[in-house]
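Where a number appears in this text, it was derived from the coordinates with a stated rule and is not lab data. Computed from a prediction, not measured in an experiment: that's the story for all the values here. Positions of Cβ are generated from backbone atoms using ideal geometry, with glycine treated the same way; all protein chains shown enter the neighbour counts.
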């Protein structure tokens, strides 16, 4: 059972690590570029639009980054879930050859009749 607990702890540590990194990226994109250094970014304009880059980050890019972060989180968590389920299935080994083949002694209980 301790091997299973270790696997669960590793799963949650990895999940928290992913969340912290992605939240940091979102904070930098939303607050950093959109608010803190927006005035400096406003000296540049988006090609073909004339919009200042700081304005664009504050209004559009932070939303686009958020959507991309959701996509990245889903992909990373799907990969982590798959690895975790493989680890769990490896831990659950059959107890006998009969369980592997599906053969065993005849059932003696009448509970399903």
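Here the gap between residue 43 and residue 60, fully extended at 0.36 nm per residue and compared with their Cα-Cα distance, gives a gain of 4.4 nm. By the Cα gyration tensor, the range 2-91 has an equivalent ellipsoid whose semi-axes, rounded to whole angstrom, run 40, 13, 6 from largest to smallest. Model label sites at residue 19 and residue 87, defined 7 Å from Cα along the beta-carbon direction, differ in position by 1.7 nm.
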